[in-house]
Amino acid sequence: MQTTRREWLATAGGLAFAGRLKAVEGLFHATSLNHISLTVPDVKSAADFYSRVLGTRIIQDMGSRGQMRGLKRNYLALFQGDEAGLNHFSPGVDGLDEAGVGAILKQHGYEPFERAPNIWACLDPDGTQNHLSETMRREDQVAEAYRKDPRPDSILHGVDVNHVALRVTDVGRSVEWYQALMGLNVISRSGNSAFLGLGPNFLALFQRRQGGGADHFCFSVEDYDPDVVREKLAQHGIDSVRREDRTYFKDVNGLTVQVAAESHQP
């Protein structure tokens, strides 16, 4: 029987790995990264880029407002906006009653707002918008998109949004906020950064003078080899940078994208 990435991460590294991933108490307990959402000036050009580079499949077309594009395990949303950047990110919580989240957040002083009917969001201490989702939301749409187009003709084959890295002005404050709301465990921490577990995914926090928004976001890709990835990107006119075993490049709107192996963790 094939082992899933979630199962592999749960057992890899033995007791030491399991110890550092021990869950902490929070208002909710997020266990995955459901999706990230970008604001882009031109939805079509952004959608074409992520389809061409990562093989994302369209799972919902919202017309001029935006698109949702599936990966194998989660998805990328693109919304029309004046400037490119992170619109929000959405951790997944098993069995979440999304309609009831607003009342719980209000009760605990999080000042939520309704992004859409029964979809509640709030802002972290640096103003980054996030909302909790049921872990497997849109699973059927993603599966159907992959059934219709099983082998996309793309440069790389994206698997999921591996992690999102946020700019924060105070790492300690942000760690406490995300732990209190989402029960995220600390995988590792230094003076200027912290990495918080989201099951097979994670959230990275980097201290910057100007906080808020994404420092970068990372997609897992199949058969990752940094040299091969860089060569493929170069063949299609996309410049990239290698830092150790990590590969970075800019998307069509100048946002920093990282690609990594499916097993990538901090």
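The values are calculated or read from the model by the stated rules, or taken from the named source; none is laboratory data. Worth saying up front: this structure is predicted, and the values here are computed from it rather than measured. Every residue, glycine among them, receives a Cβ derived from its backbone with ideal geometry; neighbour counts consider all protein chains shown.
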* In segment 188-201, which residue that is of a type outside the set (Gly, Ala, Ser) and over 14 Å from THR31 (Cβ atoms) is surrounded by the fewest Cβ atoms within 10 Å (Cβ to Cβ)? -> ASN192
* Could you check how many residues of segment 70-87 are at pLDDT 95 or above and in contact with a Phe, Trp or Tyr (Cβ under 9 Å, 6 or more places away or on another chain)? => 4
* Asked: Going by the structure shown, is VAL171 over 16 Å from HIS264 (Cα atoms), in contact (Cβ under 8 Å) with a residue 24 or more places away in the chain and β-branched (Val, Ile, Thr)?
  -> yes
* Output the number of the condition that PRO266 fails; it satisfies all remaining conditions of (1) assigned to a strand (DSSP E or B); (2) touching a Phe, Trp or Tyr at 6+ places or on another chain (Cβ under 7 Å). => (1)
* To do: Counting only residues that are surrounded by 19 or more Cβ atoms within 10 Å (Cβ to Cβ), give me the strands (runs of 3 or more DSSP E) lying completely in segment 86-181 with at least 1 of them.
  => 119-123, 158-168
* **Residue under evaluation ARG209, criteria (1) loosely packed, with under 15 Cβ neighbours inside 10 Å; (2) among the charged types (D, E, K, R); (3) assigned to a helix (DSSP H, G or I), criterion not met** => (3)
* Structure fact -> Scanning segment 221-240 residue by residue, the ones that are without any contact (Cβ under 8 Å) to a residue 60 or more places away in the chain and among the β-branched types (Val, Ile, Thr) total 1
* Residue match in segment 116-127 (condition: in contact (Cβ under 8 Å) with a residue 60 or more places away in the chain and within 24 Å of ASP251 (Cβ to Cβ)) -> yes
* Asked: From the list LEU86, LEU96, LEU76, which one is more than 30 Å from ARG209 (Cα to Cα) and touching a residue at least 60 places away in the same chain (Cβ under 8 Å)?
  -> LEU96
* Asked: Do you know which residues across segment 46-60 are touching a helix residue (DSSP H, G or I) at 6+ places or on another chain (Cβ under 9 Å) and either closer than 18 Å to ALA143 by Cβ or of a type in the set (Asp, Glu) (or both)?
  -> THR56, ARG57, ILE58, ILE59, GLN60
* To do: From (1) closer than 27 Å to GLN235 by Cα; (2) surrounded by fewer than 16 Cβ atoms within 10 Å (Cβ to Cβ); (3) free of Cβ contacts under 8 Å to residues at least 60 places away in the same chain, pick out the condition that doesn't hold for ARG69.
  => (2)
* **Members of segment 239-264 found to be in contact with a helix residue (DSSP H, G or I) (Cβ under 7 Å, 6 or more places away or on another chain) and either modelled with pLDDT of 95 or more or surrounded by 14 or more Cβ atoms within 10 Å (Cβ to Cβ) (or both), listed by number** => SER240, ARG242, THR247, PHE249, ASP251, VAL252, ASN253, VAL259, GLU262
* Within segment 131-157, track down each residue that is over 16 Å from the mean Cα position of the chain (by Cα) and of a type in the set (Gly, Ala, Ser). => ALA143, ALA145, SER154
* **Number of positions in segment 48-66 that are small (Gly, Ala, Ser), assigned to a helix (DSSP H, G or I) and in contact (Cβ under 8 Å) with a residue 60 or more places away in the chain** => 1
* Hey, does segment 26-47 have a residue that's touching a residue at least 60 places away in the same chain (Cβ under 8 Å), part of a helix (DSSP H, G or I) and surrounded by fewer than 20 Cβ atoms within 10 Å (Cβ to Cβ)? -> yes
* Asked: among the acidic types (Asp, Glu) and under 25 Å from THR56 (Cβ atoms), is that true of ASP124?
  -> no
* Could you say whether any residue in segment 166-175 is farther than 18 Å from PRO125 by Cα and touching a Phe, Trp or Tyr at 6+ places or on another chain (Cβ under 7 Å)? -> no
